[in-house]
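Participant: I have a structure here, written as structure tokens, and I will follow up with some questions on it.
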Amino acid sequence: MTVEQVSPVDVAELAARLDTAAVDATAIGQLADEVGLDVDGGYAVQAALVGRRLARGERLVGLKMGLTSRAKMAQVGVDEVIWGRLTDGMRVPDGGTVDPAAFIHPRAEPEVAFLLDRLPEPGEPVGDFTDAVRAVAPAIELIDSRYANFRFSLPDVIADNTSAAAFAIGPWSPVPDGLDNLGVLLEIDGRIAQVGSTAAILGDPRRALDEGLRLAGRYGVRPAGGWVFLAGAATAAVPLRPGNHVRAVVEKLGTATLKAAA
Ligand code: OOG
Ligand code: MG
């Protein structure tokens, strides 16, 4: 962030606007152009935005990656890997129900979740992260851009905590031998909406973990044991409509489910 461009006052103000948009489920215009926000500025706003949730009593429970697959990058027209923060307030039990009216224009996407065990060392190479991972699970992420028409620049989506809105995690299992080429399905109301492979997630979801911990580490974020990590969707996201039953199936890992109230 260039100090002359985005003052601390702006950071707090932009975070407040994004927070209000989320709480009121009302879209706002993009912010980055207005104030000259760059990537570092975006992460500063994200920290302040999530800080507002923590001030309301939510707890940080993990990290998420965004835009780790071509399908996702193409869908939103941004081609950089990004990371965001997860709080307990975003967590929905597996099989649980969300109120779609609480969101602006929610979309569901299939995810692979890791459960972190010990604190990985900064810069620890891929492969060794299997030691840092206690378990892996299929998951569903609900994303909900706070920007009108789900349109944003790279700094905008970073400031908006990478569109994070809610997530549900299926049953945890020990990490299988290969995670790099597992089939991924997203079903809506029993119909297949998206098909993909974990290979689409930076070649291997474990690479997303490595990349995410490295990137977040640059901003002083160190994961704790028990944190969850979402590796980023392997497929494009699908609009969530009232009454939808969503299932994400990951080969060898099983199924996560979520319902939208009618
Ligand atoms: C940004 C968030 C992307 C993923 O899994 O790629 C994301 C967006 O698409 O709005 O969560
Ligand atoms: Mg996602």
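The values are calculated or read from the model by the stated rules, or taken from the named source; none is laboratory data. The shown structure was predicted, so the numbers you read here are calculated from the model rather than taken from an experiment. Quick reminder, even Gly has a Cβ in these numbers, built from the backbone with ideal geometry, and neighbours come from all protein chains shown.
Participant: May I ask you to list the residues in the range 226-249 that are of a type in the set (A, V, I, L, M) and within 12 Å of Gln194 (Cα to Cα)? Steps first, answer last, please.
Facilitator: The initial filter retains those residues of the range 226-249 that are of a type in the set (A, V, I, L, M), namely 228, 230-231, 233-234, 236-238, 240, 246, 248-249.
The answer is Ala233, Ala234, Ala236, Ala237, Val238, Val246, Ala248, Val249.
Participant: Given the residues Ala166, Ala199, Ala193, Ala256, which is the only one that is within 12 Å of ligand 1 (Cβ to nearest atom) and either crowded, with 20+ Cβ neighbours inside 10 Å or without any contact (Cβ under 8 Å) to a residue 60 or more places away in the chain (or both)?
Facilitator: Ala166
Participant: If we keep just the residues of the range 59-76 that are of a type outside the set (A, V, I, L, M) and crowded, with 17+ Cβ neighbours inside 10 Å, which is nearest to the chain's Cα centre (by Cα)?
Facilitator: Start the filter on the range 59-76 by keeping residues that are of a type outside the set (A, V, I, L, M), which leaves 59, 62, 64, 66, 68-70, 72, 75.
Within this subset, residues satisfying the condition of being crowded, with 17+ Cβ neighbours inside 10 Å are 62, 64, 66, 68-69, 72, 75.
On the way: Gly62: 10, Lys64: 4, Gly66: 6, Thr68: 10, Ser69: 13, Lys72: 12, Gln75: 15 Å.
It comes out as Lys64.
Participant: Let me ask you something else. Looking at Pro155 and the list (1) surrounded by fewer than 24 Cβ atoms within 10 Å (Cβ to Cβ); (2) closer than 30 Å to Gly29 by Cα; (3) more than 16 Å from ligand 2 (Cβ to nearest atom), which single condition is not satisfied?
Facilitator: (1)
Participant: Kindly check whether there is at least one residue in the range 212-225 that is in contact (Cβ under 8 Å) with a residue 40 or more places away in the chain, within 12 Å of ligand 1 (Cβ to nearest atom) and in contact with a strand residue (DSSP E or B) (Cβ under 7 Å, 6 or more places away or on another chain). It would help to see each step written out before you state the result.
Facilitator: Initial filter on the range 212-225 (in contact (Cβ under 8 Å) with a residue 40 or more places away in the chain): 212-217, 219, 221-225.
Now narrow it down to the ones that are within 12 Å of ligand 1 (Cβ to nearest atom): 212.
Narrowing the set further to residues that are in contact with a strand residue (DSSP E or B) (Cβ under 7 Å, 6 or more places away or on another chain) leaves 212.
Within the range 212-225, one or more residues are in contact (Cβ under 8 Å) with a residue 40 or more places away in the chain, within 12 Å of ligand 1 (Cβ to nearest atom) and in contact with a strand residue (DSSP E or B) (Cβ under 7 Å, 6 or more places away or on another chain).
Participant: Of all residues being without any contact (Cβ under 8 Å) to a residue 60 or more places away in the chain and of a type outside the set (D, E, K, R) in the range 78-91, which is nearest to ligand 1 (Cβ to nearest atom)? Just the residue, please. Walk me through it before giving the result.
Facilitator: Quick first cut of the range 78-91, residues without any contact (Cβ under 8 Å) to a residue 60 or more places away in the chain only: 79, 87-89.
This time we only want the ones that are of a type outside the set (D, E, K, R), so: 87, 89.
Details: Thr87: 15, Gly89: 17 Å.
So the residue we want is Thr87.
Participant: Can I ask one more? Can you name every residue in the range 99-117 that is at pLDDT 95 or above and in a loop (DSSP other than H, G, I, E, B)? Reasoning before the result, please.
Facilitator: Kept after step one, since they are at pLDDT 95 or above, are these residues of the range 99-117: 99-115.
Asp99, Phe103, Ile104, His105, Pro106 - these are the residues of the range 99-117 that are at pLDDT 95 or above and in a loop (DSSP other than H, G, I, E, B).
Participant: State yes or no: is Arg247 within 22 Å of Ile158 (Cα to Cα) and of a type in the set (Lys, Arg)? If you could, list the steps in order and put the result at the bottom.
Facilitator: On the way: within 22 Å of Ile158 (Cα to Cα): no; of a type in the set (Lys, Arg): yes.
No, not satisfied.
Participant: Take Val50 and tell me if it is modelled with pLDDT of 95 or more, on the phi < 0 side of the Ramachandran plot and surrounded by fewer than 23 Cβ atoms within 10 Å (Cβ to Cβ).
Facilitator: Spelling it out, Val50 is indeed modelled with pLDDT of 95 or more, on the phi < 0 side of the Ramachandran plot and surrounded by fewer than 23 Cβ atoms within 10 Å (Cβ to Cβ).
Participant: Now for a separate question. Go through the residues of the range 50-60 one by one and say whether even a single one is within 16 Å of ligand 1 (Cβ to nearest atom) and touching a Ser or Thr at 6+ places or on another chain (Cβ under 8 Å). So that I can check it myself, show each step before the final result.
Facilitator: Of all residues in the range 50-60, those within 16 Å of ligand 1 (Cβ to nearest atom) come to 50.
Within this subset, residues satisfying the condition of being touching a Ser or Thr at 6+ places or on another chain (Cβ under 8 Å) are 50.
Yes: the range 50-60 contains one or more residues that are within 16 Å of ligand 1 (Cβ to nearest atom) and touching a Ser or Thr at 6+ places or on another chain (Cβ under 8 Å).
Participant: Would you mind finding the one in Ala234, Ala248 that is buried (at least 16 other Cβ atoms within 10 Å of the Cβ), over 25 Å from Arg59 (Cβ atoms), at pLDDT 95 or above and within 15 Å of ligand 1 (Cβ to nearest atom)? Spell out how you get there, then give the answer.
Facilitator: Values: Ala248 fails: over 25 Å from Arg59 (Cβ atoms).
Of the residues listed, the single one that is buried (at least 16 other Cβ atoms within 10 Å of the Cβ), over 25 Å from Arg59 (Cβ atoms), at pLDDT 95 or above and within 15 Å of ligand 1 (Cβ to nearest atom) is Ala234.
Participant: Hand me the list of helices (runs of 4 or more DSSP H) wholly inside the range 129-232 holding 3 or more residues that are within 17 Å of the chain's Cα centre (by Cα). Reasoning before the result, please.
Facilitator: Working: elements: 129-132, 154-159, 205-218.
Once the helices (runs of 4 or more DSSP H) in the range 129-232 are filtered for at least 3 residues that are within 17 Å of the chain's Cα centre (by Cα), what remains is 154-159, 205-218.
Participant: In addition: Given the structure, is Gln30 closer than 15 Å to Ser163 by Cβ, outside any helix (DSSP H, G or I) and in contact with a strand residue (DSSP E or B) (Cβ under 9 Å, 6 or more places away or on another chain)?
Facilitator: Working: closer than 15 Å to Ser163 by Cβ: yes; outside any helix (DSSP H, G or I): yes; in contact with a strand residue (DSSP E or B) (Cβ under 9 Å, 6 or more places away or on another chain): yes.
Yes, satisfied.
Participant: Collect the residues in the range 183-218 that are at positive phi and among the hydrophobic types (A, V, I, L, M, F, W, C), keeping them in residue-number order.
Facilitator: Correct list: Leu202 only.
Participant: Given Gly95, Gly41, which one is touching a residue at least 24 places away in the same chain (Cβ under 8 Å), more than 16 Å from ligand 1 (Cβ to nearest atom), more than 17 Å from the chain's Cα centre (by Cα) and not in a helix (DSSP H, G or I)? Spell out the reasoning first.
Facilitator: Numbers: Gly41 fails: not in a helix (DSSP H, G or I).
Testing whether each residue is touching a residue at least 24 places away in the same chain (Cβ under 8 Å), more than 16 Å from ligand 1 (Cβ to nearest atom), more than 17 Å from the chain's Cα centre (by Cα) and not in a helix (DSSP H, G or I) leaves just Gly95.
Participant: Scan Glu211, Glu187 and give me the residue that is surrounded by 15 or more Cβ atoms within 10 Å (Cβ to Cβ) and within 24 Å of Asp88 (Cα to Cα).
Facilitator: When all the criteria are applied, what remains is Glu211.
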